[in-house]
1. Within region 68-118, can you find the residues that are under 20 Å from residue 40 (Cα atoms) and touching a helix residue (DSSP H, G or I) at 6+ places or on another chain (Cβ under 6 Å)?
2. Of all the residues that make up region 18-40, how many are closer than 19 Å to residue 102 by Cβ and either in contact with a strand residue (DSSP E or B) (Cβ under 7 Å, 6 or more places away or on another chain) or loosely packed, with under 15 Cβ neighbours inside 10 Å (or both)?
3. Listed residues 49, 14, 84; which is within 20 Å of residue 104 (Cα to Cα) and exposed (fewer than 11 other Cβ atoms within 10 Å of the Cβ)?
4. Assess whether residue 39 counts as being more than 16 Å from residue 114 (Cα to Cα) and not in a loop (DSSP other than H, G, I, E, B).
5. Every residue in region 87-114 that is at pLDDT below 85, within 23 Å of residue 32 (Cβ to Cβ) and surrounded by 15 or more Cβ atoms within 10 Å (Cβ to Cβ), please.
6. Among the residues of region 46-68, write down those that are in contact (Cβ under 8 Å) with a residue 40 or more places away in the chain and under 16 Å from residue 102 (Cα atoms).
7. Which of the residues belonging to region 5-36 are in contact with a helix residue (DSSP H, G or I) (Cβ under 7 Å, 6 or more places away or on another chain) and either within 20 Å of residue 77 (Cα to Cα) or in a strand (DSSP E or B) (or both)?
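The values are calculated or read from the model by the stated rules, or taken from the named source; none is laboratory data. Keep in mind that this is a model prediction, so the values were computed, not measured. FYI the Cβ positions are ideal-geometry reconstructions off the backbone, even for glycines, and counts take in every protein chain you see.
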C-alpha cells in the first residue's frame with residue numbers, strides 16, 4: 001500500500017451509530033488458540049461442516065489477552081505495512097476504511113498462525 005487517504009472521523013450521533021453498526025458487523029473479534037485455529041482449517045480442508053465465521057479470528061498466544069493481541073496488530077501494521085494511524089482509521093465511519101481494517105486483521109491472523117507453534 002503506497003498511500004491511503006482515511007475517511008473523515010465520525011462526529012455526529014448518526015455517523016457514530018453507522019460506524020458502530022459496521023464495526024459490529026465486520027470487525028467482531030473471535031479469540032481462539034493456534035491449535036483451535038489449525039483444527040478449524042484442517043476440518044474445512046477435509047470438507048467437514050464448520051460453523052460460519054462472520055467474525056475476525058484473533059489467534060492468541062499462550063497467556064495473552066485481547067488488548068495485547070491488538071497492540072501486536074497495531075505494531076505490525078505500523079512496521080510492516082507502513083500505515084501510521086490505526087486510531088484514525090478506527091475513528092472513521094467510512095465503510096471502505098472498515099473493510100481495510102478487516103483485510104489487515106485477516107492478513108495478520110494468517111501471519112500469526114504461520115509463526116506460532118501448534119501446542
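1. Once the filter is applied, which keeps residues that are under 20 Å from residue 40 (Cα atoms) and touching a helix residue (DSSP H, G or I) at 6+ places or on another chain (Cβ under 6 Å), region 68-118 yields 102, 108, 113, 116, 118.
2. Taking region 18-40 as the starting set, the residues that turn out to be closer than 19 Å to residue 102 by Cβ are 18-32, 37, 40.
If we keep only those that are either in contact with a strand residue (DSSP E or B) (Cβ under 7 Å, 6 or more places away or on another chain) or loosely packed, with under 15 Cβ neighbours inside 10 Å (or both) too, we end up with 20-21, 24-25, 27-32, 37.
Selection size over region 18-40: 11.
3. Among 49, 14, 84, only 84 is within 20 Å of residue 104 (Cα to Cα) and exposed (fewer than 11 other Cβ atoms within 10 Å of the Cβ).
4. So residue 39 fails the test.
5. Result: 109, 112, 113.
6. 56, 57, 58, 59
7. Passing the criteria: 6, 7, 9, 23, 26, 27, 29, 31.
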